[in-house]
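Below: one structure, written as structure tokens.
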Amino acid sequence: MVERRTAATVEQLSLPFAEERIRWHVIALVLVLSVVFTAATTWAALSRHEMLGVGYLPRWVVSFFTVLIILNTFLKRVMPTLSLTNTELAFVFAVLSVIASVPHEVGIHFYLNLIGLVYYSSPHSQWFGLFTSHLPGYLVPSTNFRDPVILYAYEGMPAGAKIPLADWLIPLLAWTPYIFGVYVLLVFLCLLFARHWEEHERLLYPLVQVPKELAGITHESSVRSIFKSPLFWFGFVIATLPYSLRGLHLYFPFIPDPQPQRNSGILFATGPLTAFNNIDLHFYPEMVGIAYLLSNEVGFSLWLFPFLRRAEVALRMTLGIDMYHAEFLTFQSVAAYIVMASSLLWLTKGYLKEIVRTLLKLPMQKVNDSSKALLTEAKALLGLILVFGGLLLWAKFVAGASAIWTAALLLGLLVTGLMVARIVAEAGVYIFAPPFRVYQVMFDAFGRERLGAKNIILLSAMGWVQVRSTGTMATGYLTNSLRLLSLARVSRGFSGGWLIVALFLTLLVCHFVFPILIYTYSVPKLSWWAQTSSLNTANFIGQYLTASRQLTTHHWWGLVIGAFTCWALIKLRLNFVGFPLHPIGFVTWYGWPLDRYWLSVLLGWALKALVLRYGGFTVFQRCKPFAYGMTIGGTMTLTFWILLRLFFPTAESIIID
């Protein structure tokens, strides 16, 4: 049904609006804010592991945006010329959201791991000489662990020594085209599917509803109404309580600790039911609010499937299979991602064919009125192809890696990126990460003998950008931002262009700030995550270089069962209206995000079910401000305590990300 839609259908479904303009001084303001906030969140992440930019509704962005909305409301009354339009407010939120996670994603992994490969090739390491012999000298600051650029980072700078920034110049010049290219590739990917998801499938984009209501995009009075709603403030206050009490307890231990992150512990001593031990019982008010906005089947599936996963493990144990549970589940997820991504492509094949036709008409300048609706998407497809090819050339002629294996890595990135974008657009999971890394699956599947030591090292290094993502994949942020700007009547071409500019500027700031912080503090004095990041990476690569791993029947059966289960869920959803299980539940069932969020999703889903059961759809709509209050209140409160801990540290964190 979807695949039979033509360009005329696309044109009919396109939103009929006049494009809104954004003033140049607003664009300049956003770029300046991008620089300032990138530097600040870099310091917070590297020195304290306080993840201000984490979450597909980034914490500091939501907090800053809420304050900006209040200030802008005041400016409209006293100095209207300085105030921002609703469209400009949406532009501020969209750009800052996309760049928010870059310091967490690139910074902690890329810079530290790059020098870590050299440092842990030294004689004091078990991996002596294992890495540097395969690294081109211009891709790292030095290949000699005794050089100051390596030694100072790990053992501290002597008094009077200067930070060796000059040694970073060549490797950063070499790596920047690749890093930036990966982000641009993902921008084009999201641009390619944005129109179909927004106008054909009409996905909910639950996370976008919060900034949309704050900015008053749908109707001018929404800013005033949402803050005047008693339900909004009721939800806001409820959301502040667990985090505030937790924060106060850290500073004043006599105040009871609400322990918002609990664990069930050992429920069953022996037997298959031990699969249900150590269930996380975490309460995230922001996720409760988001879950209220989800469709019933998505919310139901998100909290149910983690228990079905444990039931599957219990069944395996009953059958006498007591090993390889993690590998089995991982390969189930790999197959589910491939099948789900393939189904998305299949269901959009008519739409994609129209884009290809439009693209082929571009050189001949024969784009007619029916094809103009897809002009941006055609350019995005062309950009995706060109950037993909450029990344292969970089890998082959700059890094010296195999173009074939690099293509496999990038195709895997596109699959996982597409799935994360879909999960965020449809399920609104606050933080989500695939339960596997593409290059790790490649290493397990093909082994050292086929890949070779050099490719294992270089593919791992290339994977530190987005492939290694643990909850900061750019496509989740991009899909939300493109939807918000579309609602704000900003063209997708304009949106994509400035998002790319902001990403490049953010990357340049990271290149400058991260090395300075690393040498100012030295690795042993950084946050707990940063201290061990490069060592863990060296151990990971070293194990693949020194030991052979063969796929077992557990891996193959995981692939088969995972593919069949995902396919069956998709077929049931397409053929039976009202089928209660959504395949996204199966795709997300393994990994730490839903293990932590399931309880909050259950609470939000149950609240929505009760409201619909006893109040109907009208009452459900009227109660949405409560969900917005829970989401904004939880996010702002957590941001406040994180900022306080940056300047007045405590022994424990407010929550563990």
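The values are calculated or read from the model by the stated rules, or taken from the named source; none is laboratory data. If you're wondering where the values come from, they're calculated on a predicted model, not measured in any experiment. A quick note on method: Cβ atoms are made from the backbone with ideal geometry, for glycine too, and the neighbour counts reach across all protein chains shown. All accessible areas refer to the heavy atoms of the entire protein, side chains included, with ligands and DNA or RNA removed. Shrake-Rupley method; radii C 1.70, N 1.55, O 1.52, S 1.80 Å.
Values for this structure:
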read-out: Criterion (hydroxyl-bearing (Ser, Thr, Tyr), assigned to a helix (DSSP H, G or I), within 27 Å of the chain's Cα centre (by Cα) and surrounded by fewer than 21 Cβ atoms within 10 Å (Cβ to Cβ)) met by exactly one of Thr532, Thr520, Thr506; value: Thr532
read-out: Some residue of the range 571-581 being in contact (Cβ under 8 Å) with a residue 12 or more places away in the chain and buried (at least 20 other Cβ atoms within 10 Å of the Cβ); value: no
read-out: Single condition Phe145 does not satisfy, out of (1) in a helix (DSSP H, G or I); (2) within 23 Å of Met462 (Cβ to Cβ); value: (1)
read-out: Test: residue in the range 600-610 that is more than 30 Å from Val339 (Cβ to Cβ), of a type in the set (A, V, I, L, M) and buried (at least 22 other Cβ atoms within 10 Å of the Cβ); value: no
read-out: The one condition in (1) modelled with pLDDT under 90; (2) surrounded by fewer than 20 Cβ atoms within 10 Å (Cβ to Cβ) that Leu71 fails to fulfil; value: (1)
read-out: Total residues in the range 452-472, condition closer than 17 Å to Gly137 by Cβ and either at pLDDT below 90 or not aliphatic (A, V, I, L, M) (or both); value: 1
read-out: Restricting the range 427-482 to residues that are in contact (Cβ under 8 Å) with a residue 12 or more places away in the chain and of a type in the set (D, E, K, R), the residue that is most open to solvent (accessible area, probe 1.4 Å); value: Glu449
read-out: The range 24-52 residues that are buried (at least 17 other Cβ atoms within 10 Å of the Cβ), paired with ones that are part of a helix (DSSP H, G or I) and polar (S, T, N, Q) (beta carbon under 7 Å, 6 or more apart); value: Ser34/Thr506; Thr38/Thr506; Leu52/Thr41; Leu52/Thr639
read-out: First in the range 537-564 and touching a residue at least 12 places away in the same chain (Cβ under 8 Å) and among the β-branched types (Val, Ile, Thr), second anywhere and in a loop (DSSP other than H, G, I, E, B) and open to solvent by 40 Å² or more (accessible area, probe 1.4 Å), Cβ under 7 Å, 6 or more apart; value: Thr552/Tyr324
read-out: Any hit, the range 286-303, residues being of a type outside the set (Phe, Trp, Tyr), in contact with a helix residue (DSSP H, G or I) (Cβ under 8 Å, 6 or more places away or on another chain) and over 19 Å from Lys608 (Cα atoms); value: no
read-out: Every residue from the range 127-142 that is out of contact with any Pro (no Cβ under 7 Å at 6 or more places or on another chain) and either outside any helix (DSSP H, G or I) or of a type in the set (A, V, I, L, M) (or both); value: Trp127, Phe128, Gly129, Leu130, Phe131, Leu135, Pro136, Ser142
read-out: Answer residue from the range 578-629, given it is touching a Leu at 6+ places or on another chain (Cβ under 7 Å) and among the hydroxyl-bearing types (Ser, Thr, Tyr) and is farthest from Ser225 (Cα to Cα) among those; value: Tyr590
read-out: In the range 158-183, residue nearest to the chain's Cα centre (by Cα) [restricted to those that are in contact (Cβ under 8 Å) with a residue 60 or more places away in the chain and either over 16 Å from Ala395 (Cα atoms) or open to solvent by 70 Å² or more (accessible area, probe 1.4 Å) (or both)]; value: Pro177
read-out: The lone exception for Leu192 - which of (1) modelled with pLDDT of 95 or more; (2) open to solvent by 10 Å² or more (accessible area, probe 1.4 Å); (3) farther than 29 Å from Gly299 by Cα it fails; value: (3)
read-out: In the range 74-98, residue modelled with the lowest pLDDT [restricted to those that are surrounded by fewer than 24 Cβ atoms within 10 Å (Cβ to Cβ) and among the polar types (S, T, N, Q)]; value: Thr81
read-out: Top-ranked residue in the range 483-503 [being open to solvent by less than 10 Å² (accessible area, probe 1.4 Å) and more than 16 Å from the chain's Cα centre (by Cα); ranked as nearest to Asn536 (Cα to Cα)]; value: Ala502
read-out: Test result for Arg549, under 28 Å from Leu189 (Cα atoms) and not in a helix (DSSP H, G or I); value: no
read-out: Residue count for the range 472-503, restricted to those that are more than 13 Å from Ala194 (Cβ to Cβ) and not in a helix (DSSP H, G or I); value: 4
read-out: Single residue of Glu213, Glu155, Glu220, Glu198 found to be surrounded by fewer than 17 Cβ atoms within 10 Å (Cβ to Cβ) and either within 32 Å of the chain's Cα centre (by Cα) or modelled with pLDDT of 95 or more (or both); value: Glu220
